[in-house]
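Only one structure is covered here, and it is reproduced in the block below.
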Amino acid sequence: MNVPIPHLDPIPLPAPVWLLRALLLLTFALHVVFMNCLLGGTAIALICTLRRKSSAFSARLAGDLGRLLPSIFAFTITLGVAPLLFLQVIYGQFLYASSILIGVPWLAIIGIVILAYYGVYFFSMQGPSGKTTFVLTFVLLLLASAAFVYSNNFTLMLAPGNWLDFYRSHASGWNLNWSEPSLFPRYLHFVLGALAVSGLALVVMGLRQREDGYRQWLFEQGSFLFAGTTLLNFGVGFWFLAKLSGPARLAFVGGNGFATALLGVGMFLPLAAVAHLILAKANKSPKRQRVIGVACGLLTVAVMVVMRDVLRNLALAPYFNPNQLPVAPQWAIIALFLFLFVGGLATLYYMLRKVAIATRMQRQ
């Protein structure tokens, strides 16, 4: 079968492939943490808004999230630019092709994100109420829709053999990758992961609280949310694994040592995180246990990011080897990027500290 893969861009890469891939993984890991907090945090804010009259702590958390979500949204978008650019540089012929094939929903993400941004700011200004319950529901649906379109694009770019059929079906771009067996488990795996990371965020919020009652409530709610969604995600993860193509699936179950090791570590770390968070309640050093639990959870995110990259390269191996791309290093530009990137991270840390201090001052 003739696979219509576009020709390589004749312009050589501005840096070695290993460096571009490392930067892709690093920037995407940062992006995905805030992205998970945005989606999961919106869901938590909605639930807490619904429970605002029956639980004072729920009303308080809804207010806290209302102040945080606009900043989290901004960080999600800003930190998402770099990994998307690195992905386009290395895998452009695949990403551009799949993006064109689902062009209408892909371009609709711009409007979806703008509307969701407005909704988050509206909730932030109005606070938890009956009116903002509907707004948050709308925002959550918008964010979930954007995530679903991304899952469609990133699965379709890995299946060049299906592109011609998609084009013949709807050449105008009214396509989604419904026929992909791994689409729904992959998407659900991401959604549950977002809720799990948001549970970790509640634990981190608890570590920064001084009021004992609210702090313990955040610990309990965050630990329960993380543990519950993580255990559910094990089932979804095995479903996802079973729906992968044969060569990719076999690579993760013994066919490739590195991929298999990643899967093993990716299963151990979340269980370790759950154990530390649960044991913290009865431990003499609960803060230390919770910090270790959060660290294990964040390491799980890092491992999953690397697994995603391994899966992408396994799926594209019959068509493409990024290590064969022409390279003409432009070290001055790379150095400038790294300088600005580190400066951006420092600015991000400064802004987060300012938000945390402002939030604490408002309670006092």
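Taking square-rooted eigenvalues a ≥ b ≥ c of the alpha carbon gyration tensor, is segment 16-161 rounded, prolate or oblate, where a/c under 1.5 means rounded and, failing that, a/b exceeding b/c means prolate? Verdict is prolate for segment 16-161.
Across segment 133-140, coupling constants 3J(HN,Hα) worked out from phi with the 6.51/-1.76/1.60 Karplus curve, θ = phi - 60°, read 4, 5, 5, 5, 4, 5, 4, 4 Hz, and Gly and Pro carry x.
Going by the alpha-carbon gyration tensor, a ≥ b ≥ c the square roots of its eigenvalues, is segment 206-364 rounded (a/c under 1.5) or, if a/c is not under 1.5, prolate (a/b greater than b/c) versus oblate? It would help to have the intermediate numbers written out before the result.
Values: a/c = 3.14, a/b = 1.33, b/c = 2.37.
Oblate, because a/c is 1.5 or more while a/b does not exceed b/c.
Count Lys and Arg as plus one, Asp and Glu as minus one, and take only other residues whose Cβ is under 13 Å from that of Val310; the net charge is then +3.
Segment 266-324 and segment 175-196 have Cα centres lying 19 Å from one another.
Split the accessible area of segment 1-51 by element, probe 1.4 Å, and carbon with sulfur accounts for 74%.
If you count only protein heavy atoms with a 1.4 Å probe, what accessible area per residue comes out for the chain, rounded to a whole Å²?
50 Å²
The HN-Hα couplings worked out from phi for segment 84-91 by the Karplus form 6.51 cos²θ - 1.76 cosθ + 1.60 (θ = phi - 60°) are 5, 5, 5, 4, 5, 5, 8, 10 Hz, whole numbers, x standing for Gly and Pro.
Among Leu311, Asn321, Leu348, which residue has its Cα positioned farthest towards the positive end of the charge dipole of segment 224-364, with +1 placed on the Cβ of Lys and Arg, -1 on the Cβ of Asp and Glu, and the dipole taken about the Cα centre? Towards the positive end, the residue furthest out is Leu348.
Result for the chain in a Gaussian network model with C-alpha springs under 10 Å: among Gly130, Gly199, Gly173, the largest mean-square fluctuation is at Gly130. Summary value for segment 11-79: 39 percent relative contact order, contacts being C-alpha pairs under 8 angstrom separated by 6+ residues.
Ordering His7, His31, His170, His276 by accessible area with a probe of 1.4 Å, largest first, what comes out?
Values: His7 175, His31 25, His170 85, His276 50 Å².
These residues rank, largest area first, as His7, His170, His276, His31.
Under 8 Å for C-alpha pairs, at least 6 residues apart: give me the relative contact order for segment 207-364, rounded to a whole percent.
On the way: 68 pairs, mean separation 26.4, N = 158.
Averaging sequence separation for qualifying contacts and normalising by length gives 17 percent for segment 207-364.
Computed over the chain with a Gaussian network model linking Cα atoms closer than 10 Å, the most mobile of Gly92, Gly246, Gly41 is Gly246.
For the chain, with only Lys/Arg (+1) and Asp/Glu (-1) charged at the beta-carbon, what is the dipole magnitude about the Cα centre, in debye rounded to 20?
On the way: 25 positive and 8 negative charges, 284 e Å.
It works out to roughly 1360 debye.
Label-to-label distance for Ala56 and Gln88 is 5.1 nm, based on points extended 7 Å past Cα in the beta-carbon direction.
Just want to confirm a number: the relative contact order over the chain, from Cα pairs under 8 angstrom separated by 6+ residues, in percent.
Numbers: 424 pairs, mean separation 78.2, N = 364.
Rounded, it is 21 percent for the chain.
Taking Cβ atoms as reference points and 13 Å as the exclusive limit, the residues near Ala248 contribute a net charge of +3, counting Lys and Arg as +1 and Asp and Glu as -1.
Between Ile278 and Leu352, the contour length at 0.36 nm per residue exceeds the alpha carbon distance by 23.9 nm. Dividing the helix sum by the residues of the chain, where each DSSP H run of 4 or more adds -39500 (n - 2.57), gives a mean residue ellipticity at 222 nm of -28000 deg cm²/dmol. Listed values for segment 142-158 are Karplus-derived 3J(HN,Hα) couplings in whole Hz (6.51 cos²θ - 1.76 cosθ + 1.60, θ = phi - 60°), namely 5, 5, 5, 5, 4, 5, 5, 5, 4, 4, 4, 5, 6, 8, 5, 5, 8, and x replaces Gly and Pro. Apolar share of the accessible surface for segment 236-328: 68 percent from carbon plus sulfur atoms, 1.4 Å probe. Shown for segment 78-152: the carbon plus sulfur share of the solvent-accessible area, taken with all protein chains present and a 1.4 angstrom probe, equals 78%. Scanning residues 5 or more positions from Leu13 or on other chains, those with amide H under 5 Å from its amide H are Val327, Ala328, with H placed 1.01 Å from N in the peptide plane.
The values are calculated or read from the model by the stated rules, or taken from the named source; none is laboratory data. Keep in mind that what you see is a predicted model, and the values were worked out from it rather than measured. Cβ: placed from backbone, ideal geometry, glycine included. Neighbour counts: every protein chain shown. Accessible surface areas use protein heavy atoms only, side chains included; no ligands, DNA or RNA. Shrake-Rupley method; radii C 1.70, N 1.55, O 1.52, S 1.80 Å.
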